[in-house]
1. Once you sort the root eigenvalues of the Cα gyration tensor of region B:9-335 as a ≥ b ≥ c, which label holds: rounded (a/c under 1.5), prolate (a/b larger than b/c) or oblate (the other case)?
2. Please give the Cα centre distance for region A:51-107 versus region B:171-189, rounded to the nearest Å.
3. Considering Cα pairs under 8 angstrom that are at least six residues apart, work out the relative contact order of chain B and quote it in whole percent.
4. For the interface of B with A, what's the total buried accessible surface in square angstrom, probe 1.4 angstrom, rounded to the nearest hundred?
5. Considering only DSSP beta bridges with both partners in region A:2-202, what is the antiparallel share in %, to the nearest 5?
6. Helix A:176-185 versus the longest principal axis of chain A: what angle, 0 to 90°, nearest 10, using Cα atoms?
7. Specify whether the C-alpha gyration tensor of the protein assembly as shown places it in the rounded, prolate or oblate class, a ≥ b ≥ c being the square roots of the eigenvalues: rounded for a/c under 1.5, otherwise prolate if a/b is larger than b/c and oblate if not.
8. Leaving out ligands and nucleic acids, and using a 1.4 Å probe, what accessible area per residue does region A:2-202 come to in Å²?
Amino acid sequence: MFYIVTAYHAEARPVIEYFNLKKVVKNSRFQIFAGSDVVLIESGPGIVASACAASFLLSEFKAEDKDAILNIGIAGAKNADLKIGDAVLCHKIIYHDTGRAFYPDILVKHAMKEGVLETFDFPVAKEDLPENSIEGDMVDMEGAGFFEAASFFMPPHKIHCIKVVSDYLEKVPVEPAFVSRLIGDNLSLIRDFMLSLESVDSFFPRGLSREDREVIEKLAENLKLSFTMAHQLKNLALFYLSSHERLPEELFDFLNVRVNSKREGKNCFERVKKLLC
Amino acid sequence: MSALKSCFARGFSHIYVEEGVEENPLAQEILSKFPKAFKVRIKHYKDVFCRPRQNFLVQESSRKLIIAAKRGELLYPGPDVCQDFGNENFYYTSPALNCIYSCEYCYLKGMHPSANLVIFVNLEDFFKKVEDLIKQKPVYLSISYETDLLALENIAPLSAAWIEFARGKENLKMEIRTKSANYPAIRHLKPADNVILAWTLSPAEVIKKYEKNAPPLELRLRQIKKALGDGWKVRLCFDPVLYFEGWEKAYEDLIGRIFSEIPACGINDASVGAFRIPREYLKRMRKNFPPSEIIHYPYAERGGVYTYDEKLKGELLGKVRSLLKEHLPEEKIFLT
């Protein structure tokens, strides 16, 4: 599953259309839209709002490590090295107020530019700030809050800020329709990146499947195994699976066994161990 | 696997450079070798290396490089699980963290929160610490425990710098342990009497199955032969000795092959150690890595260290020792 956080509806609209998302009725102050494998939340502007929205989304939808979360939005560029309309994957996100920096793990190939994002608590006009007071290549008002909150839930290669350059930090308002067009024009690039992120997990073998875990838990319960023994059982199952496709059929026979004492359970456990070693 | 390679960014696509080391000549030398990499400025190497919830397994497919200066403790007393080869005052140091190889059994996977490679470029600070210490007592120093230093030589010529530093220092004996075939990178140096080049050797089937990205046995043996011929002191390390189906024959073949290609009289010594790993490291590896015959093997625990049960450990060490005794005098064989 992909989770997407945008600040404004103008940023969300092209994403909603592109992924054919439908509004979800939730008892929350956030607007949420969902499809089969994408859920989007509109946070509103500011780092606190973005952090709250990211936390809410990941908790409410019970995100797992195999999922990913993106902050998609516009940003002002510090200089003309970046062009209006460029999609930039951020490899460093600085919270201007504290100087604290966050680093997404960029492990997959992508066709976007890369740069440093600096998040301010207020709208930034370059002429209002002393020279050299902006360290980032781009400026926004959400990235750092989003990233810090998402880091509580997800691994750093599954949290990314993608910013589309909308202006050069001049005191000129950016029209919503223009924002939607900038985001919309980059969605195929963003989708390719999402597909690469998704494919990473599929290459790596996983541990126990949900079914295997249920079998282990049931066995531990039936055989009255101690915490340590249950842990040993799980480890032995993984050892067995390192050289077999699935757990041995004979193990499932123990699902029907009920023991009346710990001693009896211990004896059964010894037989289970032999099966798995 | 080609699909896997095609979706990952190339290794060292990003180089994180700690504030204050940008002008360090070694840092500049390293950076010059990766002109296409994104250079990202960081305050402290741990800001990247110690981020929570990193996925070591996935990161191994696209390692990043961190260039930093090591502060605080630079030398550590040698741990009990490591062989001191009869030397007093056994220390180790870590000029780099992590390795470019991905050996399935490697304790670094449980020791570090990240698969990224850290290179410390403040060599002079390391050297100063060693100089201070050897003024007080003779020191046996291992410099390649938390990395494979020689394998990194083309990125950062640290082995060469350490060898030149050690040369002629009577109170210092130094070991550089490696699995690499990168001896040519230091071959221009004159051998140093107090430096031992130590090669870790495993049966060909172990290398193929468990030592991902590491050079095959043939290449390691070829470099050992060259190093011996050039006059270097060479140590052979059979560590870890692993248990697997057919292990006896595999170690017979390994040792037979080694001494059919290398003159035993030139070998300084050999170490033999059964697989062992601190409890906390193994716990972390079991949690983070997929089913593995090595990681998930039901080891016995003794004093916070997991290893094979006494009987099996005795068989493994006894067998390899008896094979080695056919070629080396007993006093040159060290068991752990």
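The values are calculated or read from the model by the stated rules, or taken from the named source; none is laboratory data. Note that the coordinates shown come from a computational prediction; the quantities given were computed from them, not determined experimentally. No Cβ is skipped: glycine too gets one built from the backbone with ideal geometry, and neighbour counts run over all protein chains shown. We work out accessible area using only protein heavy atoms, side chains counted, and drop any ligands, DNA or RNA first. Shrake-Rupley method; radii C 1.70, N 1.55, O 1.52, S 1.80 Å.
1. Details: a/c = 1.59, a/b = 1.22, b/c = 1.30.
Oblate.
2. Answer, in whole Å: 43.
3. Details: 589 pairs, mean separation 47.3, N = 336.
Value for chain B: 14 percent.
4. Numbers: alone 15330 and 14790 Å², together 27170 Å².
When B and A are taken together, about 2900 Å² of accessible area is lost.
5. On the way: 14 of 41 bridges.
Roughly 35 percent of the DSSP beta bridges within region A:2-202 come out antiparallel.
6. That works out to roughly 50 degrees.
7. On the way: a/c = 2.51, a/b = 1.37, b/c = 1.84.
Oblate, since a/c reaches 1.5 and b/c is not below a/b.
8. Details: 8280 Å² over 201 residues.
Accessible area per residue, region A:2-202: 41 Å².
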